[in-house]
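I have placed the structure first, in the form of structure tokens, so that the comments after it can refer back to it.
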Amino acid sequence: MMGLLPPARLRVVLMGLVLAFGLSACGINNVPTLEEQAKSAWSEVQNQYQRRADLIPNLVETVKGFAQQEREVLTQVTEARAKATQVQVDASTVTDPEKFRQFQEAQNQLSGALGRLLATVERYPELKSNANFLALQSQLEGTENRIAVARRDYIESVRAFNTEIRTIPGRWIAAIVYPEAKPMETFAAVSGSDRPPEVKF
């Protein structure tokens, strides 16, 4: 019969199927799967930080229209935004602790400058009631919430990936099949973030 394989060849095919099943069952694909999930989560973090950066020029212009004398705070926000958008860490370099630290530091500086700007707004009731400002403030608050969620999801994805490549059998699989897999960096809490900020007028 033409459809039958010779016994030796049939054994090779069966062994190949058993080997493929065994490798998939032992988690050989866990390392790249978890790595891609972490990179995807990182892309979402960057997306939300970019959304915040895009809102800031409109926010600064709106505040400037009502509070030109707050030049120092407005300049700090503008400069912090410029610095934050210059420091880029893409998915291929989240394994570099120094670049990741620079990225986080720049974003933290921007967050601080934005906090000072929004505290300054408290002195201007007419600005606080301006429809354009209120819309921008609402968008900014929503974006900050999205950033928090994206960071949380990224931290969890990195935890799963880093655990996989540091524990057995994932560690062995990574060493043999994925030697380029390196632990990814994650966000650290900002010093003093456990205390509410002081706002002084």
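Taking Ala160 as the residue in question, decide whether it is part of a helix (DSSP H, G or I), open to solvent by less than 50 Å² (accessible area, probe 1.4 Å), under 30 Å from Glu70 (Cβ atoms) and touching a residue at least 60 places away in the same chain (Cβ under 8 Å). Break it down into steps so the answer makes sense when it comes.
Values: part of a helix (DSSP H, G or I): yes; open to solvent by less than 50 Å² (accessible area, probe 1.4 Å): yes; under 30 Å from Glu70 (Cβ atoms): no; touching a residue at least 60 places away in the same chain (Cβ under 8 Å): yes.
Against the criterion (part of a helix (DSSP H, G or I), open to solvent by less than 50 Å² (accessible area, probe 1.4 Å), under 30 Å from Glu70 (Cβ atoms) and touching a residue at least 60 places away in the same chain (Cβ under 8 Å)), Ala160 does not qualify.
Name the single residue that is farthest from Gln109 (Cα to Cα) among those in segment 65-80 being exposed (fewer than 13 other Cβ atoms within 10 Å of the Cβ) and of a type in the set (D, E, K, R).
Ranking the candidates gives Arg71 first.
Taking segment 81-102 as the search range and keeping residues that are modelled with pLDDT of 90 or more and in a loop (DSSP other than H, G, I, E, B), which one is least open to solvent (accessible area, probe 1.4 Å)? Checking each candidate, the answer is Val94. Checking the structure you have, find out if any residue of segment 108-130 is touching a residue at least 24 places away in the same chain (Cβ under 8 Å), under 28 Å from Pro183 (Cβ atoms) and within 12 Å of the chain's Cα centre (by Cα). Checked against the condition, which is being touching a residue at least 24 places away in the same chain (Cβ under 8 Å), under 28 Å from Pro183 (Cβ atoms) and within 12 Å of the chain's Cα centre (by Cα), segment 108-130 yields no hits at all. Cβ separations smaller than 6 Å between residues 6+ apart or across chains give the following pairs from segment 33-44 residues that are under 10 Å from Ala160 (Cα atoms) and part of a helix (DSSP H, G or I) to residues that are among the hydroxyl-bearing types (Ser, Thr, Tyr) and at pLDDT 95 or above: Gln37/Ser157; Ala38/Ser157.
The values are calculated or read from the model by the stated rules, or taken from the named source; none is laboratory data. What you see is a predicted model; the values in this text were computed from it and never measured. Neighbour counts run over all protein chains shown; Cβ positions are idealised from the backbone, glycine included. Keep in mind that these areas ignore ligands, DNA and RNA; they rest on the heavy atoms of the full protein, side chains included. Shrake-Rupley method; radii C 1.70, N 1.55, O 1.52, S 1.80 Å.
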